[in-house]
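Quick note: the coordinates plus some simple rules give every number you see, no bench work behind them. Computed from a prediction, not measured in an experiment: that's the story for all the values here.
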Amino acid sequence: MCPLIQKHGLELGKLYFLLQFAYFQLLLVCVVHLSVKVFRGRGTLSQTATAYCIWSGIALPIGLIISYPLFFYIPVEDFISPGSLGNYDVTSLLPPWVMWWTVVIFFVMVLVGSLMLFQWIADVHQITKRRLLLAMILVYGPIMMIYNYFVAPYISKGLRLTSDFLQNVL
């Protein structure tokens, strides 16, 4: 990823990246856990976090490597706020093969993720995969949509300020 950061001239500080990454993982674990609890899952937050972190440790590096062509054309500095691309017209930045590659890889990752991660989360919380799917559609989906459009830009700015403050203090 370092060559891409240099290619795009991004100023992605290590502390800012760490804060974003930790916050985003914590957010996802809590929202998944809340979603499952609404549908009467029996697992604990630490069990949800364990299953999710194992999956993230396996899937994120693979996803970054597979998505390298996408990141080659689009500079991504802030992965919390969906509006962080600003005024970029993504379709004009990407060659058609990269768009198709990204779509295919996204669907493969979602399919594999839903088969493996859903089974792990369902086993941890002792619910069926059907109820877990309903939890993700009815609870997780709306919460994350509302979060992405109304809360994420402010969280992103807050993490940037926190990072800058800590960088100056340390």
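Per-structure values
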item: Residue-wise HN-Hα coupling along the range 118-127, computed from phi with Karplus coefficients 6.51, -1.76, 1.60 (Hz; x: Gly, Pro); result: 4, 5, 5, 5, 4, 5, 4, 9, 6, 10
item: Phi to ³J(HN,Hα) by Karplus 6.51 cos²θ - 1.76 cosθ + 1.60 over the range 19-24, Hz, x for Gly, Pro; result: 5, 4, 4, 4, 4, 5
item: Estimated vicinal HN-Hα couplings, Hz - the range 47-55 in sequence order (Karplus 6.51, -1.76, 1.60; Gly, Pro = x); result: 5, 4, 4, 4, 4, 5, 5, 4, 4
